[in-house]
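Working notes, structure below.
The values are calculated or read from the model by the stated rules, or taken from the named source; none is laboratory data. Quantities reported herein were computed from a predicted structural model and do not represent experimental measurements. Virtual Cβ from ideal backbone geometry, glycine too; neighbours counted across all protein chains shown. When the accessible area is computed, the model is the full protein with side chains, heavy atoms only, and any ligands, DNA or RNA have been set aside. Shrake-Rupley method; radii C 1.70, N 1.55, O 1.52, S 1.80 Å.
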Amino acid sequence: MLLVYTHKITPRLRYTFKHLCTRVLGVPVAFTTTIEEFIAHDSLKMSYTRQPLSNEVFIRNHELLFEQGLSDVDINVQDWKATKCFFATGEKSALPFDIFAASFYLLSRYEEYLPHVKDDYGRFTASESLAYKAHFLKQPVVDIWAYELKALLEQKFENFTFPKQSYKIQPVIDVPMAYYFKQKGLMRTVGGALNDLFRLKLRRFYQRFMVLFGVKRDPYDTFKWIINKQKQFKFKFIVFFLIGDYSTYDKNINVNKKKFVSLIKSISDYCKVGLKASYLALDDLSILKKEKKKMEFITNYELEASRNSFSKINLPVSYRNLTELEIKQDFTMGYLNHTGFRAGTCTPFLFYDLDFEIQTPLLINSFHCIDHALLKHQSLLDKEQELQRLINSVKQVNGTFTIVFHNYSFGNDNRWKGFRQLFTQVLDSTDEGKRN
C-alpha cells in the first residue's frame, strides 16, 4: 500500500491518486495528515504538500486539488522527456510538475465546463482541447505520468514489487441503423425508392429491390460476420443498438419489429449488448429511462453500458442522467474526427462531478479511435499505421485500447474497404482470450 502525506484530504485528491495509483498501477493508496503515522509507515510512501518533511519522495502540490468549483486555471505546457507536462513545481519536488493536478484537469474534463466553441451538434471538439493545441492528444499522458511516478518510487523502495499490469482491448460496435433497406416499413421503403429515382441513383434503386426480394444481403447486415469474429475470442465485444423513436436525427428500425428484436437477442447470445441512447434522450431523462427499460425487456438482463448518439456529451447532465438510472458504464468519451485520448488516459476512469465535487460510480470508457476518424487517411496502409501507432502507445503503458466500429463499416461499400482487416488488426494485437 502507498501512504500519502498531505496537509488536507479532499475528494479531488482521493479521486486522482486512486486513478493513477490504483487503476493504472494497481497499488492501493491511503492518506494521512498525521506526520507520526507517515514516519512510522515502513513501506511505499510519499508526501504531497507545499514543503517536504525530510528526504522522502516529495511532489509539490498545485492548488487545483484543494480548490472547489471552477476557476481560471493558468496552464503553460512544457516538453518533458518524451511527452508534455503542465503545472510546474519547484526545485525540491521529485518531478518538475504536479502530475496529480494535471491528471485531474484532464480526467475531470475541466476544460469542457469552461466556455468553448461547440460544433453544429453542440459537441466539444478536439480543436478546442488543450491536448490538441499542445500536441499531446495522441499520447495517454496520464498513464505515461503514472509510470514515471512508478519508476521514481521503485528507485526509493527497491524491495516493493508492483503488480504486473497487462494490455487489453475493448472492441465496440455501434449500430445506429441495423439495416439500410430492410425492415423500414412501407412508407419509408416507397419514399426511399422514389427518392432514388428522383436523384437518378439508379444503382441504389436496383440494390434496394435486390435486397428486398432476398437476392442480395442488406449492405448494413454484417452481423453474421461479427458473430463469427466474436466466436474466435473469449473476451466480449460490446454492441450498442439504437432503439429510440424515429426522428430527424435517429432513423433506425422500429423496435416493435420482430426481426429487429430477434437480431438484438441473437447478438446478445454472443456479445455484450448496450444501449445507444437516441439524440432526443440526451437531454430528456424520461426518454432515456424509457429506452433503458425497452432494452432490458429485449435482452432480459440489466443494462450495464450505454453510448450516446452522435458521440455527444453534455457535461455534467449526460453523465448525471446515467448515474441516476444506475447505468454503470459509458462509451461516449472520444472524438469523431480525431484519433487520440480525449481524457488523457487509456485506463477506464470514474466520472467526477465538478459541480457537486463528488466521485460517481459511473465508469467512463473513453474510445481512442473510431472508424470515421480513420477515413482521413487515404490508403489502407496509412490507416493500418495510424491504428498501430495508437495500439503501441497503449501497450507501452499496459492500458486498455477501446475502438469503435459501426456495423456498416464491415460492409462492401468502397468507402469502408479494408475496415474488416483493420478490426482484425486490433483483435490480433492481444493474445488475451484467443480461442484455439
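THR89 satisfies every condition listed in (1) closer than 16 Å to SER47 by Cα; (2) over 21 Å from the mean Cα position of the chain (by Cα); (3) at pLDDT 95 or above except (3).
Of the numbered criteria (1) touching a helix residue (DSSP H, G or I) at 6+ places or on another chain (Cβ under 9 Å); (2) in contact (Cβ under 8 Å) with a residue 24 or more places away in the chain; (3) acidic (Asp, Glu), the one GLU304 fails is (1). Somewhere in the stretch 94-116, is a residue open to solvent by 70 Å² or more (accessible area, probe 1.4 Å), over 24 Å from the mean Cα position of the chain (by Cα) and either charged (D, E, K, R) or closer than 15 Å to VAL142 by Cα (or both)? For the stretch 94-116, residues open to solvent by 70 Å² or more (accessible area, probe 1.4 Å), over 24 Å from the mean Cα position of the chain (by Cα) and either charged (D, E, K, R) or closer than 15 Å to VAL142 by Cα (or both): absent.
Answer yes if at least one residue in the stretch 321-340 is among the acidic types (Asp, Glu) and farther than 16 Å from LEU107 by Cβ, and no otherwise. Within the stretch 321-340 (the criterion being among the acidic types (Asp, Glu) and farther than 16 Å from LEU107 by Cβ), the answer is yes, since at least one residue qualifies. Is it the case, given these coordinates, that LYS224 is surrounded by fewer than 16 Cβ atoms within 10 Å (Cβ to Cβ), without any contact (Cβ under 8 Å) to a residue 60 or more places away in the chain, farther than 30 Å from PRO316 by Cβ and not aromatic (Phe, Trp, Tyr)? The answer is yes for LYS224.
Taken as a whole, the structure places LYS236 among residues that are open to solvent by 70 Å² or more (accessible area, probe 1.4 Å) and under 22 Å from the mean Cα position of the chain (by Cα).
Can you pull out the residues in the stretch 35-52 that are hydroxyl-bearing (Ser, Thr, Tyr) and either surrounded by 21 or more Cβ atoms within 10 Å (Cβ to Cβ) or closer than 20 Å to GLU63 by Cα (or both)? Result: SER47, TYR48, THR49. Per the conditions (1) in contact with a Pro (Cβ under 9 Å, 6 or more places away or on another chain); (2) more than 21 Å from GLU148 (Cα to Cα), the sole criterion not satisfied by ALA88 is (2). Right, SER71: touching a residue at least 12 places away in the same chain (Cβ under 8 Å) and open to solvent by 30 Å² or more (accessible area, probe 1.4 Å) or not? No; evaluated as a whole, the condition is false for this residue. The residue list LYS312, LYS272, LYS290 contains one member that is among the charged types (D, E, K, R) and in contact (Cβ under 8 Å) with a residue 60 or more places away in the chain, which is LYS312. So which of ALA102, ALA126 ends up being in contact (Cβ under 8 Å) with a residue 40 or more places away in the chain and touching a Lys or Arg at 6+ places or on another chain (Cβ under 8 Å)? Result of the check over ALA102, ALA126: ALA126. Figure legend. Inter-residue proximity from the stretch 55-68: first residues under 14 Å from ILE9 (Cα atoms), second residues β-branched (Val, Ile, Thr) and assigned to a helix (DSSP H, G or I), beta-carbon distance below 7 Å, spacing 6+ or different chains. Indicated pairs: LEU65/THR16.
Only residues that are open to solvent by 30 Å² or more (accessible area, probe 1.4 Å) and more than 12 Å from ASP143 (Cα to Cα) were counted across the stretch 15-30, and they come to 2. Which ranges mark the strands (runs of 3 or more DSSP E) fully within the stretch 19-98 that have 3 or more residues being within 23 Å of THR345 (Cα to Cα)? Passing ranges, in order: 78-80, 83-85. Taking the numbered list (1) aromatic (Phe, Trp, Tyr); (2) closer than 28 Å to ILE358 by Cβ; (3) assigned to a helix (DSSP H, G or I) in turn, PHE297 passes all entries but (2). Residues of the stretch 117-149 that are assigned to a helix (DSSP H, G or I) and open to solvent by 10 Å² or more (accessible area, probe 1.4 Å): SER127, GLU128, LEU130, TYR132, LYS133, ILE144, TYR147, GLU148. Exactly one residue among ARG12, ARG60 is basic (Lys, Arg) and open to solvent by less than 10 Å² (accessible area, probe 1.4 Å), and that residue is ARG12. Inside the stretch 319-339, residues that are at pLDDT 95 or above and over 14 Å from the mean Cα position of the chain (by Cα) make up a count of 8. Can you work out which of the residues in the stretch 370-416 that are among the basic types (Lys, Arg) and modelled with pLDDT under 95 is farthest from TYR335 (Cα to Cα)? By that ranking, first place goes to ARG415. Reported count of residues in the stretch 249-293, each being assigned to a helix (DSSP H, G or I), charged (D, E, K, R) and surrounded by fewer than 18 Cβ atoms within 10 Å (Cβ to Cβ), is 6. Starting from the stretch 138-151, take each residue that is in contact (Cβ under 8 Å) with a residue 12 or more places away in the chain and closer than 14 Å to THR16 by Cβ and list its partners that are open to solvent by 40 Å² or more (accessible area, probe 1.4 Å) and among the aliphatic types (A, V, I, L, M), counting only C-beta distances under 9 angstrom and pairs at least six apart or across chains. From the stretch 138-151, the pairs are LEU149/ALA94.
If you check ILE238, ILE313, ILE253, ILE243 for being among the β-branched types (Val, Ile, Thr) and closer than 30 Å to GLU432 by Cα, only one passes: ILE238.
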